[in-house]
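Working notes, beginning with the structure itself.
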Amino acid sequence: LQRRIVDVDPNYKDAYYMLGVIAWIKSYNQMWTRLAGLGMKAERRSPIPDPAIRRSLRAGVGEQLDDGMKQLSRAVEIDVNYADAMNYLSHLLREKATLSDSKAVASGYVRTADDWDAKATKVRKKQRNEWLAGRMKASADAQAYAWPPSPWIMRPAPPPAR
């Protein structure tokens, strides 16, 4: 369905985001289910120690990871402030790190993933601050135009004439 949406509207960022998330879910489940079945726990910052298992997993999920990264990158191209897409992109990069053949390549993927996480955090902080500023302005505007005015702001009535 998401691919059909992209065919109809190639600038719909949420469809690209969903395609990336689906790719991550599928690859994550396949990788970690297989590793758990082998009694292994992989560190998400370094390659899986057994080269045969790495090659096998890469053959099974490598294309999904690449496609997911491509889709999420497109979502970030469309909206440079798409923090959720940035986060999932970092997840996919960490999965690529576990499937890489050397620690140097894995550390490159992890470094890039950390960069995406930092960008997403920066964007979220900026969006939160803008939201708070908007709420404060709306609250101040509502108080300024409130009717009847609050009694502590109103002038007291003049005393009656004698």
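Things worth noting here:
- Selected residue (criterion: most open to solvent (accessible area, probe 1.4 Å)) from residues of segment 71-104 that are without any contact (Cβ under 8 Å) to a residue 24 or more places away in the chain and part of a helix (DSSP H, G or I): Glu77
- For Gly60: the one exception among (1) under 18 Å from Val105 (Cα atoms); (2) at pLDDT 85 or above; (3) small (Gly, Ala, Ser): (1)
- For segment 105-140, taking the residues that are among the hydroxyl-bearing types (Ser, Thr, Tyr) and over 15 Å from Asp66 (Cβ atoms), the one that is surrounded by the fewest Cβ atoms within 10 Å (Cβ to Cβ) is identified as Ser139.
The values are calculated or read from the model by the stated rules, or taken from the named source; none is laboratory data. Just so it is clear, the structure is predicted and the values come from calculations on it, not from any experiment. All Cβ positions, glycine included, derive from the backbone under ideal geometry; neighbour counts span all protein chains shown. Calculation scope for accessible area: heavy atoms of the full protein, side chains included, ligands and nucleic acids excluded. Shrake-Rupley method; radii C 1.70, N 1.55, O 1.52, S 1.80 Å.
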